[in-house]
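The values are calculated or read from the model by the stated rules, or taken from the named source; none is laboratory data. The structure presented is a predicted model; accordingly, all values stated were derived computationally and were not measured. Virtual Cβ from ideal backbone geometry, glycine too; neighbours counted across all protein chains shown.
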Amino acid sequence: MERIPYLGQTIFKWQVGTSSFLALPEMGARLMNWNVTLGDGSVRDIVYWPEVENLDAIASVRGGNPILFPFCGRSYDQGEIHHWRAEDGVRRPMPIHGLARQGKFRTIRLDEGGFSAQFMPDEAAKAAYPYDYEFVVSYRFDPRGLFVELQLTNLGIKPMPWSAGHHFYFTLPWSAGRYRKDYLFETTATKHYQRDERGGLVPFTRASARETLANPNLIDLIHTGLRREVFALTEVPTGNRLHFRSGMANSPAGELAVVTWTADDKSPFYCVEPWMGPPNAAETKIGLHSVAPGQTQKFYVEITIG
């Protein structure tokens, strides 16, 4: 493990076999980059990180893996965005993708295999999500992949709702001369949704469980009703593949979701986002999970190259 000065911060680099990982645990527990050295000595970026001038607004940087907690995507209350309503009936603010990606973390484990970091909510975060809890992000790095776990422990006396997730930015294309039509996204999803302007989920029928990334219908599409906790992204001409596995103990795969998104046709990235449920879960109750007092829940994602 190596410490590297970067834009006024210290980032950490892990070299594990042919894989190299860069992360900034104390700022959003952000994994920044994952790249692999190929047999010919060339380097393939897997997790994308752009050139940036500073890290003042790291939450809005389109790269790495922003952590989405306590809720993914946009939250609404009675049609009004950036709000949510808890069981006590009180309307509270909730930024897009929640509180963690712009939050401060305390590193509680740092070793040759990865790191663990605990969210340290500020006063605004405490007001938006008024519970007594510990939220920990843990990464384990392997020569051919990574394992990341989100762990929420309820230290209070009332149940806690959550529906967290990840926003992985993957470099695309992987190889010179390839285009989005060369990449196939495969899931076991049985349901697809889009989000309407009031936060509702609208069934979408013009998508299947096997689609190329050239299909514009995939942008901001919610894949759910998973029959199995696995999905994949394949560069068809070469057969190179990213394998995904996600899940929660004692929770069926059908409650989970995967969101596909990119900014535009020219973006050098494509996002495949494993979530615990569709967006606006606090209001729709679809994909909403609850942690009982004194209990812990975990959501894991494993990504391997093949």
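Which residues, taken from segment 204-238, are out of contact with any Lys or Arg (no Cβ under 7 Å at 6 or more places or on another chain) and more than 21 Å from Lys181 (Cβ to Cβ)?
Selection gives Thr205, Ile222, Leu226, Arg227, Arg228.
On the given criteria, is Val61 under 21 Å from Tyr270 (Cβ atoms) and at pLDDT below 95?
Answer is no for this residue.
Given the residues Glu112, Glu80, Glu123, which is the only one that is exposed (fewer than 15 other Cβ atoms within 10 Å of the Cβ), over 30 Å from Lys285 (Cβ atoms), modelled with pLDDT of 95 or more and among the acidic types (Asp, Glu)?
Glu112
I need a count of the residues in segment 262-283 that are in contact with a strand residue (DSSP E or B) (Cβ under 6 Å, 6 or more places away or on another chain) and either of a type in the set (S, T, N, Q) or surrounded by fewer than 18 Cβ atoms within 10 Å (Cβ to Cβ) (or both).
2
What are the pairs, 6+ residues apart or on separate chains, where a residue within segment 96-109 that is buried (at least 18 other Cβ atoms within 10 Å of the Cβ) and of a type in the set (S, T, N, Q) has its Cβ under 7 Å from a residue that is modelled with pLDDT of 95 or more and part of a loop (DSSP other than H, G, I, E, B)?
What qualifies is Gln102/Gly28.
Specify which of the listed residues (Gly8, Gly17) is small (Gly, Ala, Ser), under 24 Å from Phe147 (Cβ atoms) and surrounded by fewer than 18 Cβ atoms within 10 Å (Cβ to Cβ).
Going through Gly8, Gly17 in turn, just one is small (Gly, Ala, Ser), under 24 Å from Phe147 (Cβ atoms) and surrounded by fewer than 18 Cβ atoms within 10 Å (Cβ to Cβ): Gly17.
If we scan segment 263-281, do we find a residue that is among the β-branched types (Val, Ile, Thr), in a loop (DSSP other than H, G, I, E, B) and within 16 Å of Leu221 (Cα to Cα)?
No, that holds for no residue.
If a residue has to be touching a helix residue (DSSP H, G or I) at 6+ places or on another chain (Cβ under 9 Å) and among the β-branched types (Val, Ile, Thr) to count, how many in segment 258-278 make the cut?
2
In segment 250-258, is there at least one residue being closer than 23 Å to Phe147 by Cα and β-branched (Val, Ile, Thr)?
Yes - at least one qualifying residue is present in segment 250-258.
Looking at segment 154-207 only, could you name the residues that are basic (Lys, Arg) and outside any helix (DSSP H, G or I)?
Listed by number, the residues that qualify are Lys158, Arg178, Lys191, Arg195, Arg198, Arg206.
Any idea how many residues of segment 154-180 are under 26 Å from Phe69 (Cβ atoms) and surrounded by fewer than 18 Cβ atoms within 10 Å (Cβ to Cβ)?
5
Could you grab me the full set of residues in segment 15-51 that are among the hydrophobic types (A, V, I, L, M, F, W, C), at pLDDT 95 or above and either touching a Gly at 6+ places or on another chain (Cβ under 7 Å) or farther than 26 Å from Val136 by Cβ (or both)?
Passing the criteria: Leu31, Met32, Val36, Val47, Trp49.
Can you tell me which residue is surrounded by the most Cβ atoms within 10 Å (Cβ to Cβ) among those in segment 225-246 that are touching a strand residue (DSSP E or B) at 6+ places or on another chain (Cβ under 8 Å), at pLDDT 95 or above and of a type outside the set (A, V, I, L, M, F, W, C)?
In this case the residue turns out to be Ser246.
Of all residues in segment 181-196, which are buried (at least 16 other Cβ atoms within 10 Å of the Cβ) and over 21 Å from the mean Cα position of the chain (by Cα)?
Asp182
Looking at (1) part of a helix (DSSP H, G or I); (2) touching a strand residue (DSSP E or B) at 6+ places or on another chain (Cβ under 7 Å), can you tell me which one Gly254 breaks?
Of (1) part of a helix (DSSP H, G or I); (2) touching a strand residue (DSSP E or B) at 6+ places or on another chain (Cβ under 7 Å), only one is false for Gly254: (2).
Name the single residue that is farthest from Thr10 (Cα to Cα) among those in segment 21-63 being charged (D, E, K, R) and touching a residue at least 12 places away in the same chain (Cβ under 8 Å).
Arg44
Looking at segment 226-242, which of its residues are over 18 Å from the mean Cα position of the chain (by Cα) and either assigned to a strand (DSSP E or B) or not charged (D, E, K, R) (or both)?
The answer is Thr234, Glu235, Val236, Pro237, Thr238, Gly239, Asn240, Arg241.
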